[in-house]
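All remarks here apply to the structure that follows.
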Amino acid sequence: MRVTIADVAREAGVSKTTVSRVINTKGEVDGSTAARVREVIAQLGYVPSSGAVGLARGSSRTVGMLVPSLTWPWMGEVLQGVVDTVEAADYGLLLFTCNRGAESVERFTSQVSARAFDGLVVVEPENTLDHLTALHRGGLPIVLIDDRGHHPEFPSVVTTNHEGGASAARHLLAAGRTSPLVLTGPQDFGCVRDRLDGFRSVLPTDLVVHGDFTELCGRQAVEQLIAEGAQFDSVFAHNDISAAGVLRALRAAGRSVPDDIAVVGFDDIPMAEHTEPPLTTVRQPTRQMGETAARLLLSHLGGTATPDGPVVLPTELVVRLSAP
């Protein structure tokens, strides 16, 4: 059976409170008593619960991370950035997803109530901003990654989606492409609006299809437009997954990429190097976004004030053979 704090207290002839004070390095125990308690702890092989120790000290030395799902193509890079930073600071990480909707949110809320972690890094799951805002107002430190254009009252780390869209347009325009198709993601995402606005600020177009970031959407959009006789000499897809669907549909229709139609994606996930042809895309600094968000949160936990506005990290155009 596991040795408990009560076993230590009984063997040392002191109260459980005294044992707790010794474990948590409180100063109210005299030296000889503390030495006896530590000796008993060693003899019995007692291992204090990290959660109990953290609560006693007012800190769990654990950070939470809440994400919609781990299936998003760039989520692994964001997560790795958070993990690297948190572990380097000798903190643990609790990961929560919202795969099961309300049930997942309820489980997450119970962990907040139990003070299982000191602060939270969030890639915002759908319809959770009000809940997160309430938690923040209640005292939970929160840093958001990619605020979807909602501009919450707590710190966030974002990327230059508007400039990323503009850089894609400048590149296509410089290559002589003047009739672009834009395939967006969900319209309620702030990053989608910014990418579209940035693109149109350089290369205006009315040929816009609102999609859902999936390969199927990219493929079906291009198939339908070709069947309807739509004319376009380039495609700007708002993520690499839908751009892969675009490439597949163009190949099936006998259109050469980039000779007939140039294609640019967004994100620069690992797959982008391995499409046929390799995909020109706008790189999001996803790992750096995770690292930056974790550093902001840890600095805040250490007593440093968080910035008033979002921390903005730059995008970068990566040129490959789909739009040289």
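The values are calculated or read from the model by the stated rules, or taken from the named source; none is laboratory data. Just so it is clear, the structure is predicted and the values come from calculations on it, not from any experiment. Cβ: placed from backbone, ideal geometry, glycine included. Neighbour counts: every protein chain shown. Areas reflect the complete protein model, heavy atoms only, side chains present, ligands, DNA and RNA absent. Shrake-Rupley method; radii C 1.70, N 1.55, O 1.52, S 1.80 Å.
In table form, for the structure just shown:
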item: Selected residue (only one of 83, 63 is among the β-branched types (Val, Ile, Thr), open to solvent by 20 Å² or more (accessible area, probe 1.4 Å) and either modelled with pLDDT under 85 or not in a loop (DSSP other than H, G, I, E, B) (or both)); result: 83
item: Top-ranked residue in the range 65-102 [being of a type in the set (S, T, N, Q) and touching a Ser or Thr at 6+ places or on another chain (Cβ under 7 Å); ranked as farthest from residue 293 (Cα to Cα)]; result: 99
item: Tally, over the range 97-117, of residues that are within 22 Å of residue 146 (Cβ to Cβ) and either of a type in the set (Gly, Ala, Ser) or in contact with a Pro (Cβ under 9 Å, 6 or more places away or on another chain) (or both); result: 6
item: Search result, residues across the range 111-136 that are touching a residue at least 12 places away in the same chain (Cβ under 8 Å) and either assigned to a helix (DSSP H, G or I) or open to solvent by 70 Å² or more (accessible area, probe 1.4 Å) (or both); result: 111, 112, 115, 126, 129, 131, 132, 133, 135, 136
item: Selected residue (criterion: farthest from residue 209 (Cα to Cα)) from residues of the range 235-266 that are open to solvent by 10 Å² or more (accessible area, probe 1.4 Å) and among the acidic types (Asp, Glu); result: 259
item: Check on residue 206, open to solvent by 60 Å² or more (accessible area, probe 1.4 Å) and more than 22 Å from residue 231 (Cβ to Cβ); result: no
item: Residue satisfying condition, being over 30 Å from residue 295 (Cβ atoms), at pLDDT 75 or above and more than 20 Å from the chain's Cα centre (by Cα), within set 47, 8; result: 8
item: Selection from the range 189-235 of residues that are among the aliphatic types (A, V, I, L, M) and without any contact (Cβ under 8 Å) to a residue 12 or more places away in the chain; result: 227
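A quick yes/no check of all residues on (1) out of contact with any strand residue (DSSP E or B) (no Cβ under 8 Å at 6 or more places or on another chain); (2) on the phi > 0 side of the Ramachandran plot; (3) aromatic (Phe, Trp, Tyr); (4) exposed (fewer than 15 other Cβ atoms within 10 Å of the Cβ):
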| residue | (1), (2), (3), (4) |
| --- | --- |
| 100 | yes, no, no, yes |
| 103 | yes, no, no, yes |
| 109 | yes, no, no, yes |
| 147 | no, no, no, no |
| 161 | yes, no, no, no |
| 174 | yes, no, no, yes |
| 182 | no, no, no, no |
